[in-house]
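A short worksheet on the structure shown next.
Values quoted throughout were computed directly from the atomic coordinates according to the rules given, and no laboratory measurement underlies them. No experiment lies behind these values; they were computed from the predicted model shown. Here Cβ is always computed from backbone atoms with ideal geometry, including for glycine, and neighbour counts include all displayed protein chains.
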Amino acid sequence: MRVAENEVGRRIERFKAAAQAAGVKLTHQRLEIFREVASSLAHPDADAVFREVKRRMPTVSLDTVYRTLWLLDDLDLITTLGPRRDRVRFDANLEHHHHYVCERCGLARDFTSAALDALPIPDAVKRLGSVVASHVEVRGICGACAKEKTARTPLPVAGQRQGEHGRKKRQRRRS
């Protein structure tokens, strides 16, 4: 799934203006890296951006992709999402929205919710410092993964309580 061309064009124009205002050189590689993030609804990580841009520009390096993504983040043209553990994902949609992330396959999708937008910031958070922005990241198992799991879930082994199979499998994966 891709972002509509007119929205990609709007994002690219915003990128050009921000680069000029910051005195940042607008190279073809930077433009293509931004175009990849700006046109994707998948919230790609740096490796996914690198793979797609490399198809169009075989000379681009992974280092250039990382440096450009962090430059775009510094220019407030993209945001990062999710915890900064094994990989960071990037989002060029700067409109206020929330995220759904599948715990199994990593699918990430935007959604809006007036109910979530209306949630007050708790006093406990206000005591920590000022709040500039907030968004909700909902985690779960997407429909495709749920269907796949249902199709391949084995019957319980005799003498095994329901749910033990999944717990043992998760424990093995963590080791």
*Arg109 passes all but one of (1) within 21 Å of Arg35 (Cα to Cα); (2) surrounded by fewer than 16 Cβ atoms within 10 Å (Cβ to Cβ); which number fails?*
(2)
*With the condition kept exactly as written, say whether any residue in the range 117-135 is of a type in the set (Gly, Ala, Ser), without any contact (Cβ under 8 Å) to a residue 40 or more places away in the chain and surrounded by 12 or more Cβ atoms within 10 Å (Cβ to Cβ).*
yes
_Subset tally (residues that are out of contact with any strand residue (DSSP E or B) (no Cβ under 7 Å at 6 or more places or on another chain) and touching a residue at least 60 places away in the same chain (Cβ under 8 Å)) for the range 32-74_ = 0
